[in-house]
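Encoded as structure tokens, the structure appears first; notes follow it.
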Amino acid sequence: MNHGAPVVEFLGLNFNLSNVLMVTVASVIVFLIAVLGARNLQMKPTGMQNFIEWIVDFVRNIIGSTMDWQTGGRFITLGMTLLMYIFISNMLGLPFAVVVDHDLWWKSPTADPAITLTLAVMVIALTHYYGIKMKGAKAYGAEFFKPMKFMFPLKVIEEFSNTLTLGLRLYGNIYAGEILLTLLAGLAVGGYESSIFSGVLGTIVAIVPMMVWQAFSIFIGSIQAFVFTMLTMVYMAHKVSQDH
């Protein structure tokens, strides 16, 4: 995993072109899935519409487990977008990686902490926005001093810790999976380039666990998309629900 990142400097800022590419690819895939699933709506859903409606029901259950539907119904689009986008992002780096001149171009965007922490900051910012919008700035601000005023510093720390754990949990799981896949792929290539006997044996020894780990990585990627969406709705419920 001795690969660099393709970086370009613009106006004094460094931009990781791999991140830009993979974020764009993930966004386009999610957009196409949404368009294909909603372009020909029918009373009896089939095909892609059936899949999209399953996602809707799945996200509705996530929201319903954290807050009442009257409050949480407005977040159905946010939940669906996060679930599909993070799942697709987690899957992109599993089939293969593309390295050009020692620069890693194709990977899972969620295997980069800059992407996952940006998603986490966006989610936490949205919880504050809707908290102020639905409760009013004065009532929302008062929540930080309950049940005692000395709780204010602890609640500020909690906001920072929520942001870090939300982003780093996703990054750590996806990055670790890609690291192990790279090591297993290297073992297969190294075995193939050695003698015939050890090459065949090394390739078999590497390919079997690599296939098993890829299947496990699909499971982990799905779970992480669910966990991120669930925690988003939990944090949102704490900000907007009147009983919190």
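Here are some notes:
- Selected residue [hydrophobic (A, V, I, L, M, F, W, C) and either open to solvent by 30 Å² or more (accessible area, probe 1.4 Å) or within 25 Å of R74 (Cα to Cα) (or both)] from A111, A120: A120
- Segment 41-61 - residue that is open to solvent by less than 50 Å² (accessible area, probe 1.4 Å), aliphatic (A, V, I, L, M) and touching a Gly at 6+ places or on another chain (Cβ under 6 Å) and, of those, farthest from V227 (Cα to Cα): I52
- Residues that are in contact (Cβ under 8 Å) with a residue 60 or more places away in the chain and either over 21 Å from S108 (Cβ atoms) or loosely packed, with under 12 Cβ neighbours inside 10 Å (or both), drawn from segment 144-172: N162
- Just one of the numbered conditions (1) modelled with pLDDT under 90; (2) exposed (fewer than 15 other Cβ atoms within 10 Å of the Cβ) is not true of S217: (2).
- Residue count, segment 7-64 (criterion: farther than 21 Å from K107 by Cβ, part of a helix (DSSP H, G or I) and without any contact (Cβ under 8 Å) to a residue 60 or more places away in the chain): 20
- Taking each residue of segment 97-124 that is within 15 Å of F160 (Cα to Cα) and looking for partners that are modelled with pLDDT of 90 or more and of a type in the set (G, A, S) with beta-carbon atoms closer than 6 Å, six or more apart or interchain, yields T116/G167; L117/G167; A120/G167.
- Qualifying residue in segment 80-92 (condition: touching a strand residue (DSSP E or B) at 6+ places or on another chain (Cβ under 8 Å) and at pLDDT below 95): yes
- Those residues of segment 95-108 which are touching an Asp or Glu at 6+ places or on another chain (Cβ under 9 Å) and open to solvent by 20 Å² or more (accessible area, probe 1.4 Å), in sequence order: A97, K107
- Test: residue in segment 65-84 that is in contact (Cβ under 8 Å) with a residue 40 or more places away in the chain, outside any helix (DSSP H, G or I) and open to solvent by less than 30 Å² (accessible area, probe 1.4 Å): yes
The values are calculated or read from the model by the stated rules, or taken from the named source; none is laboratory data. Here the structure is a predicted model, which means the values were calculated and not measured. All Cβ positions, glycine included, derive from the backbone under ideal geometry; neighbour counts span all protein chains shown. To get the accessible areas, we keep the full protein, side chains included, count just its heavy atoms, and leave off ligands, DNA and RNA. Shrake-Rupley method; radii C 1.70, N 1.55, O 1.52, S 1.80 Å.
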